[in-house]
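The values are calculated or read from the model by the stated rules, or taken from the named source; none is laboratory data. A quick note: this is a predicted structure, and the numbers were derived from the prediction, not measured. Neighbour counts run over all protein chains shown; Cβ positions are idealised from the backbone, glycine included. Areas reflect the complete protein model, heavy atoms only, side chains present, ligands, DNA and RNA absent. Shrake-Rupley method; radii C 1.70, N 1.55, O 1.52, S 1.80 Å.
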Amino acid sequence: MAKDVYAVNGISITKIYGTEASGVTALNDVSISIRDNEFFTLLGPSGCGKTTLLRCIAGFEQLSSGRILLFDEEIDHLSPNRRPVNTVFQHYALFPHMTVAENIGFSLRMLKQGEAKIKATVGQMLDLVHMTEFAGRHPAQLSGGQQQRVALARALASHPKVLLLDEPLSALDLKLRQEMRVELKQLQEETGITFIFVTHDQEEALTMSDRIAVMSDGKIQQTGNPADIYENPVNHFVADFIGETNFLEATIQSVHTDNARCVLANGAQLSASLTVPKEKGNRVTICIRPEKISLDNPGTAAGGIDGTVERLIYLGTDTHYLVQLGSQTSVLARIQNSRQSPRFKPGDQATVVMDESACRVLAD
Amino acid sequence: MDSTGIAQRRTELDRIRARRILKARAWLLSPALLLIFCFLILPLCIIVVYSFLTPGTYGGVVWDFSLESYIQFLFERDFFDDTLAFSPAYLQIYFRSFVQALVTTIVCFLIGFPTAYYIATLPERKKYMWVLLITVPYWINLLIRTIAMLFLIRNEGPLNYALISIGAIDEPIKIAYTNFGVGLGLIYTYLPFMVLPLYAAIERFDFRLVEASYDLYANQWTILRKIILPLVGPGIVAGCLLVFIPSLGSFIAPDLLGGGKKLMIGNLIALQFQGSRNWPFGSAAAVILMTMVLCALMVYIRQQSKSRIPLH
Ligand SMILES: Nc1ncnc2c1ncn2[C@@H]1O[C@H](COP(=O)(O)OP(=O)(O)OP(=O)(O)O)[C@@H](O)[C@H]1O
Ligand SMILES: [Mg+2]
């Protein structure tokens, strides 16, 4: 089989702002492979280097070391105006002295296309983002959501190979944001352009992406599809950053092919899936999502761990139970309020059942 | 009443209210308008009228209509046979003033732009201090400042003294009473008028637009032409006008630093009211200057309104 061609292939990218000696390391040996036609999301907390990575791909920053390939071609020596990569900026950066149509046609004019062709493309783009009736307005006369669409259309007009979007939805209110999520995803599918989307909103990332790279401290912690990232987090950071998670401190008692028998601080035993190299006696952290935990009346379930219900929060469709397991450990369980599920009150005894497949031993 | 009817009533009411507020706001202008009328429009009318009258023997005017002042501006009347011969003497004064003002404007721009850029890109707190510092010269009377400058640059002044004592020159450099000296004075006087509008324009400019256009395949030259100049341009024009117009008619610097030897428009006009006692000719000279400036401004405003754009 031929070697995979990636839309963007970053190899050991390091970016240090300032001098080598006293600089900020914004990207630390980041390698990333983004496929063609992919909706790829960079997810991470503020300051983790997401914008920096986008700026490196767009050409606004010089790499301290490493290489970036665009469809197998070196682009390191190309300035931003020579890269077939466009950016939708967080603050849109629309040209205030141009109309919506002029903004959208800007890149085409720069590429010296004919006026007739420009007009046709601008028309298509206006249509694509439902802004046809606003073609003659200036950016100052548009709402935030409309400006956002224009920014999108402007970046898409020249049909770049890759579109970079730096938190394009963060300036919108919740309702508009939710609508735009759907539209963006549709737009990506319609145009077939590779989208690299930056966000620090995990819900946005999970609902829109084909694949997600979780970043922190200038490093990529994990890359995978949304289900993979959510259900099989590799480390403490990823598990904690995405969704709610229970972390249980444990010691490995015995290691099998793909699982391990562990002992919790209170002496209770449980099995957890193991995909990272660990040995007997290692102190490890096990993570389990609250919705993967079930609660039973004491004595009915085998292999459960007994505990005491400490607090509960009723949320209509589910109830959140905080269950105390011994003195130091407690777990949060999210139980659907179906007809069969048992109900508990604070102080009740309950058996916590955690499936082996739902428990994961984390790398760190 | 149905809801659209109510909505229409509402917008109608809003419109009436808006109009009333606009009317009330116009009153805020009335003190300024009164001042402008008393001290600008009225004197202007007087000057225009005087320029068409006959000079009195000891200054003042005689109420006889005459075009003599305007004829005198372009022609020399022969003493004996009253024939007119074209004489460019006064046009030369206007041309000299025009060049002087132009050079002043260009130099002010060359010094002012980097200064304004520097201040505009400073952190917020420092900006205001610098803007305040720019206005410091205006805390002192212009006449005093110009005399101080004359003192500095004259042949026996500290500048020449210092240069001679360090051996850089043997003879004092003649700066005072030259065109160069006048230019120096004009630049010094009007530089802040250039810096402040430029600063305001650059301060408002969003440098992220440069990145955005660079990303969209524009090269540096196009970015300057299509993005930076259209957005900073009005500030540049304002600064240039604010320097050029007053330099053109300036009086103090040419009079003191030029020693009144090479006449500028300002001196010419002043002379007609003092020494020559030819008020109508002084008025005509002022009217001609004003007409020239107004024409230039008209052209500029016409262009501005053509490319008028809402910003922010
Ligand atoms: N021009 C710069 N000079 C120096 N340090 C910088 C510069 N730009 C970014 N940094 C630093 O690099 C690190 C990564 O910044 P970056 O803007 O990439 O973060 P981010 O993930 O986009 O964060 P956010 O979600 O807040 O936008 C931060 O520590 C930041 O302070
Ligand atoms: Mg960012």
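Report, by residue number, each residue of the stretch A:196-218 that is small (Gly, Ala, Ser) and either open to solvent by less than 10 Å² (accessible area, probe 1.4 Å) or within 13 Å of ligand 1 (Cβ to nearest atom) (or both). Reasoning before the result, please.
The first filter runs over the stretch A:196-218 and keeps only residues small (Gly, Ala, Ser), leaving A:205, A:209, A:213, A:216, A:218.
Across the stretch A:196-218, the qualifying residues are A:205, A:213, A:216, A:218.
For the stretch B:239-260, give me each residue that is farther than 14 Å from residue B:183 by Cα and either over 15 Å from the mean Cα position of the chain (by Cα) or open to solvent by 40 Å² or more (accessible area, probe 1.4 Å) (or both).
Initially, the stretch B:239-260 is screened for residues farther than 14 Å from residue B:183 by Cα, giving B:239-242, B:245.
B:241, B:242, B:245 - these are the residues of the stretch B:239-260 that are farther than 14 Å from residue B:183 by Cα and either over 15 Å from the mean Cα position of the chain (by Cα) or open to solvent by 40 Å² or more (accessible area, probe 1.4 Å) (or both).
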- Considering only strands (runs of 3 or more DSSP E) wholly within the stretch A:1-88, the ones with at least 3 residues that are within 15 Å of ligand 1 (Cβ to nearest atom) and either within 14 Å of another protein chain (Cβ to nearest Cβ) or more than 21 Å from residue A:185 (Cβ to Cβ) (or both) are A:8-17, A:24-34
- With a cut-off of at least 2 residues that are without any contact (Cβ under 8 Å) to a residue 40 or more places away in the chain, name the helices (runs of 4 or more DSSP H) lying wholly within the stretch B:209-306. B:229-248, B:265-273, B:279-306
- Just wondering, is there one or more residues in the stretch A:141-159 that are exposed (fewer than 15 other Cβ atoms within 10 Å of the Cβ), over 26 Å from residue A:81 (Cα atoms) and without any contact (Cβ under 8 Å) to a residue 24 or more places away in the chain? yes
- Message: From the list B:152, B:122, exactly one residue is part of a loop (DSSP other than H, G, I, E, B) and of a type outside the set (Lys, Arg). Which is it?
- Response: B:122
- Task: Just name the residue that is farthest from the chain's Cα centre (by Cα) out of those in the stretch B:147-161 that are farther than 20 Å from residue B:187 by Cβ and surrounded by 11 or more Cβ atoms within 10 Å (Cβ to Cβ).
- Result: B:161
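Going by the structure shown, is residue A:99 more than 12 Å from chain B (Cβ to nearest Cβ), touching a Gly at 6+ places or on another chain (Cβ under 8 Å) and open to solvent by 10 Å² or more (accessible area, probe 1.4 Å)?
Working: more than 12 Å from chain B (Cβ to nearest Cβ): no; touching a Gly at 6+ places or on another chain (Cβ under 8 Å): yes; open to solvent by 10 Å² or more (accessible area, probe 1.4 Å): yes.
Answer is no for this residue.
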- Query: Quick one: residue A:258 ticks every box in (1) without any contact (Cβ under 8 Å) to a residue 12 or more places away in the chain; (2) open to solvent by 80 Å² or more (accessible area, probe 1.4 Å); (3) within 32 Å of the chain's Cα centre (by Cα) bar one, so which box is it?
  - Reply: (1)
- Message: For a quick check of your reading of the model, give me the residue pairs whose first member lies in the stretch A:16-43 and is among the polar types (S, T, N, Q), whose second is assigned to a strand (DSSP E or B) and within 10 Å of ligand 1 (Cβ to nearest atom), with beta-carbon atoms closer than 6 Å and at least 6 apart or on different chains.
- Response: A:25/A:16
- Filtered residue count, the stretch A:268-317, keeping only those that are open to solvent by less than 70 Å² (accessible area, probe 1.4 Å) and in a strand (DSSP E or B): 18
- Message: Scan the stretch A:1-9 and tell me whether some residue there is within 23 Å of the chain's Cα centre (by Cα) and within 16 Å of ligand 2 (Cβ to nearest atom).
- Response: no
- Query: What are the residues in the stretch B:180-226 that are touching a Pro at 6+ places or on another chain (Cβ under 6 Å) and either modelled with pLDDT of 95 or more or facing another protein chain (nearest Cβ under 9 Å) (or both), if any?
  - Reply: B:214, B:215
- Test each condition in (1) within 12 Å of chain B (Cβ to nearest Cβ); (2) out of contact with any Leu (no Cβ under 6 Å at 6 or more places or on another chain); (3) buried (at least 23 other Cβ atoms within 10 Å of the Cβ) for residue A:137 and report the one that comes out false. (3)
